[in-house]
Amino acid sequence: LVRRKRYLMFLCHHKSGAGIFARWFKILTLRLADGPVFLDSDYLEDLDSIFHVVRVETRALVVLLTGQTLSRMWCAGEIGTAMVSEVTLVPVQSDEFCAPAPSTLTQVVGSWSHSELASLIANGLTPVIVEVAYVRLCGKPMVAFDRFASVPQHQAAAAAVLAQCRGGGGTGRPWEMTPMGVARVVLYSTWGDGEGVMLIRVLQAILGDLLEDNIRVVSCTTECASAYLAMAAVVAVVLSHDALHSWEFAACLASAADQDIELVTVVGGSFVFPGADFYKQVADGCHFSHVPRSSSRVKTVGVELEVSNSDLAAVFHRLLGILAIAITPHASASKIGLEVGELAQRVQSLQKTSRQALQRNASAMFFGRSQRKNRRAVHASSSLMDLV
């Protein structure tokens, strides 16, 4: 009898460079696959025997190739073990990975410490075996995965990977996309780097499941971004280093800030809150060098934004004064679920507040007292209708 292997696939990845990428890829595959997916963050009790898991329990090793994947000794051990054990190897090429030359592979293998090499040898792997495994891996047809692409493109890549896994076909539920038009809850951020984008996608998926609603992702480069923000009930702002240094990020939010939108902030990774000098520099026009010191008008995909430096400082004061919800990107699924659950509770509470404010505004509009305040909301709404 042939023993049935426990895991449909094992996600091999560089922890710091693709930890959130791996989480997002697991979310994608579990919506399509009919078998469990091994991600080390979710199986901490198996880490001491991780090569054994690859050798005995895994049907396919899916290698998420980013800039540093092949330099990590643990990845080398997983790839080498899969080759020796005739486990299916499926390379996934991210937007930042370039296949190295054979001479580069030799240098990578030769850069490991004696203790790292000893760990490999203890598991029956030599530098030569690892180098051969790397050459074989890089010679295989790769599934392209652009982290900045759309969810349907990501889903198509996950389906292509599943097609290469033995018995990996599944009839999982399709991903439901946000329809065109107004979304009640918006995730707002700068795209930042690849891992930053992956964090947004993870939040979008889990938060959408918890709220049983579709979550729209908006960045400062999204067409009619300020209009989507103005028309949302709740905007969850994901703070990052890039956000603090993006005039467009602040300007889009400031242009919608006079509406009754509720804000909640999220921090992930190593975000550092700025000091008092930050606000003064923004107000004085010294922080964003490409923006004039006086008020500025910028036309973005048909929507004209008018903000001043004081508007930008005010929106940052408001944002950074909110008690942020911390997300631990490289934690287990259960821990991330609890953290996003806290975010969902905050969003639900703010949605209730937003509905009450909407009722007050409707009453005020009936008596003609809110015409000036609602001009920008009407302009935002018309911009969205033009887009649709």
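The values are calculated or read from the model by the stated rules, or taken from the named source; none is laboratory data. Being a predicted model, the structure only gives us computed values, none of them experimental. No Cβ is skipped: glycine too gets one built from the backbone with ideal geometry, and neighbour counts run over all protein chains shown. Protein only, heavy atoms only, side chains kept; ligands, DNA and RNA dropped before computing areas. Shrake-Rupley method; radii C 1.70, N 1.55, O 1.52, S 1.80 Å.
What to note about this one:
- Flag for THR88 being surrounded by 19 or more Cβ atoms within 10 Å (Cβ to Cβ) and not aromatic (Phe, Trp, Tyr): no
- Scanning segment 52-89 for residues that are farther than 15 Å from TYR134 by Cβ and more than 28 Å from the chain's Cα centre (by Cα) gives HIS52, ARG55, VAL56, GLU57, SER85, GLU86, VAL87.
- Filter result for ALA256 (surrounded by 15 or more Cβ atoms within 10 Å (Cβ to Cβ), over 26 Å from GLU195 (Cα atoms) and at pLDDT 90 or above): no
- Which numbered condition LEU323 misses (of (1) modelled with pLDDT of 90 or more; (2) assigned to a helix (DSSP H, G or I)): (2)
- Where ARG4 falls short, out of the listed (1) open to solvent by 30 Å² or more (accessible area, probe 1.4 Å); (2) in contact with a helix residue (DSSP H, G or I) (Cβ under 7 Å, 6 or more places away or on another chain); (3) in a loop (DSSP other than H, G, I, E, B): (2)
- Every residue from segment 317-343 that is open to solvent by 80 Å² or more (accessible area, probe 1.4 Å) and not hydrophobic (A, V, I, L, M, F, W, C): HIS317, ARG318, SER334, LYS335, GLU342
- The lone criterion from (1) out of contact with any Gly (no Cβ under 7 Å at 6 or more places or on another chain); (2) surrounded by fewer than 23 Cβ atoms within 10 Å (Cβ to Cβ) left unmet by ASP34 is number (1).
- Among the residues of segment 255-290, those identified as of a type in the set (S, T, N, Q) and in a loop (DSSP other than H, G, I, E, B) are GLN259, SER270, SER289.
- Residue within segment 92-113 that is free of Cβ contacts under 8 Å to residues at least 12 places away in the same chain and at positive phi present: no
- Among the residues of segment 197-255, those identified as of a type in the set (Asp, Glu) and farther than 19 Å from PHE148 by Cα are ASP209, GLU212, ASP213.
- For segment 193-237, a residue qualifies if it is more than 20 Å from ALA344 (Cβ to Cβ) and small (Gly, Ala, Ser), and the qualifying residues are GLY194, GLY196, SER219, ALA225, SER226, ALA227, ALA230.
Okay, residues lined up against (1) at pLDDT 90 or above; (2) under 19 Å from ALA331 (Cα atoms); (3) surrounded by fewer than 22 Cβ atoms within 10 Å (Cβ to Cβ); (4) over 20 Å from the mean Cα position of the chain (by Cα):
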site	(1), (2), (3), (4)
GLY194	yes, yes, yes, no
LEU229	no, no, no, no
ASP242	no, no, yes, no
LEU263	yes, no, yes, no
PHE271	no, yes, yes, no
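- Screening ALA82 with (1) closer than 23 Å to HIS330 by Cα; (2) of a type in the set (Gly, Ala, Ser); (3) open to solvent by less than 10 Å² (accessible area, probe 1.4 Å) gives one miss only, at (1).
- Condition met for SER85 (of a type outside the set (A, V, I, L, M, F, W, C), in contact (Cβ under 8 Å) with a residue 24 or more places away in the chain and in contact with a strand residue (DSSP E or B) (Cβ under 6 Å, 6 or more places away or on another chain)): no
- Residue under evaluation PHE145, criteria (1) modelled with pLDDT of 85 or more; (2) open to solvent by 20 Å² or more (accessible area, probe 1.4 Å); (3) among the aromatic types (Phe, Trp, Tyr), criterion not met: (2)
- Candidate set: segment 211-223, residues that are open to solvent by 10 Å² or more (accessible area, probe 1.4 Å) and not aliphatic (A, V, I, L, M); chosen: the one farthest from PHE316 (Cα to Cα): GLU212
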